[in-house]
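This is the structure I have questions about; it appears just below.
The values are calculated or read from the model by the stated rules, or taken from the named source; none is laboratory data. From a predicted model like this one, the values you see are computed outputs, not experimental measurements. Here the Cβ positions follow ideal geometry from the backbone for every residue, glycine too, while neighbour counts run over all protein chains shown.
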Amino acid sequence: MANRGTSSRVWILPKFKDPYWKEKRTSPKDYYVGLRLEWKFRVEEQEGLVNDLHNMGVRIPHCQSLEMPTTNKREYEAAVSRIKEENNQMLMRRSRYFMLQLATEMAEANQRELTKNERNNALNNEKYRSDYAMSDEDM
């Protein structure tokens, strides 16, 4: 299981287009508006990722961010941080799925089967490892 607090975590999640965080100290109102816009964007992004993973048969992380309160700035900050983490996990899982699919297709093109070692290498690539503790399969 990956350590959630490590600085070596790989982020493949694209940044939000509006750099609202620059307004945190100078214009709190604009910062809050930007934060709410990012929340809306990340919720829509998450819906698409959940559908993708469901269609691929890949484990889906708990979407706890959707259950978090969002009534003030601090709660929104926590919820946005959590949903970004969840979406990053889903993107990493989707990437691992496609890497495994590509490795399988390459093996088939060479008229052979993917070995267990090759399969494990594709699934355990450090750059695309995700935090299994967030998976709903633990339920």
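If a residue must be assigned to a loop (DSSP other than H, G, I, E, B) and over 16 Å from VAL80 (Cβ atoms), how many such residues does the stretch 8-61 contain?
Residues of the stretch 8-61 assigned to a loop (DSSP other than H, G, I, E, B): 8-19, 24-27, 57-60.
Filter once more, so that each one left must be over 16 Å from VAL80 (Cβ atoms): 8-10, 12, 25-27, 57-60.
The total comes to 11.
Enumerate the pairs (first residue in the stretch 30-55 and among the small types (Gly, Ala, Ser); second residue anywhere and outside any helix (DSSP H, G or I) and surrounded by fewer than 16 Cβ atoms within 10 Å (Cβ to Cβ)) with beta-carbon separation below 7 Å, excluding pairs fewer than 6 apart on the same chain, so at least 6 apart or on different chains.
GLY34/ASP18
Of everything in the stretch 6-45 that's modelled with pLDDT of 95 or more and among the aromatic types (Phe, Trp, Tyr), which residue is surrounded by the fewest Cβ atoms within 10 Å (Cβ to Cβ)?
Among those that are modelled with pLDDT of 95 or more and among the aromatic types (Phe, Trp, Tyr), it is PHE41.
For the stretch 99-116, what are the residues that are exposed (fewer than 15 other Cβ atoms within 10 Å of the Cβ) and either within 22 Å of the chain's Cα centre (by Cα) or in contact (Cβ under 8 Å) with a residue 24 or more places away in the chain (or both)?
GLN101, LEU102 - these are the residues of the stretch 99-116 that are exposed (fewer than 15 other Cβ atoms within 10 Å of the Cβ) and either within 22 Å of the chain's Cα centre (by Cα) or in contact (Cβ under 8 Å) with a residue 24 or more places away in the chain (or both).
Here is a yes/no grid of residues against (1) under 16 Å from the mean Cα position of the chain (by Cα); (2) farther than 19 Å from LEU123 by Cα; (3) not hydrophobic (A, V, I, L, M, F, W, C):
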| position | (1), (2), (3) |
| --- | --- |
| TRP11 | yes, no, no |
| VAL50 | yes, yes, no |
| VAL58 | yes, no, no |
| GLU75 | no, yes, yes |
| GLU85 | yes, yes, yes |
| MET90 | yes, no, no |
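Could you tell me whether any residue of the stretch 55-65 is among the small types (Gly, Ala, Ser), over 20 Å from TRP21 (Cα atoms) and surrounded by 12 or more Cβ atoms within 10 Å (Cβ to Cβ)? Lay out the reasoning, then the answer.
Quick first cut of the stretch 55-65, residues among the small types (Gly, Ala, Ser) only: 57, 65.
Okay, now just the ones that are also over 20 Å from TRP21 (Cα atoms), so 57.
Retained after the next criterion (residues that are surrounded by 12 or more Cβ atoms within 10 Å (Cβ to Cβ)): none.
Checked the stretch 55-65: no residue is among the small types (Gly, Ala, Ser), over 20 Å from TRP21 (Cα atoms) and surrounded by 12 or more Cβ atoms within 10 Å (Cβ to Cβ).
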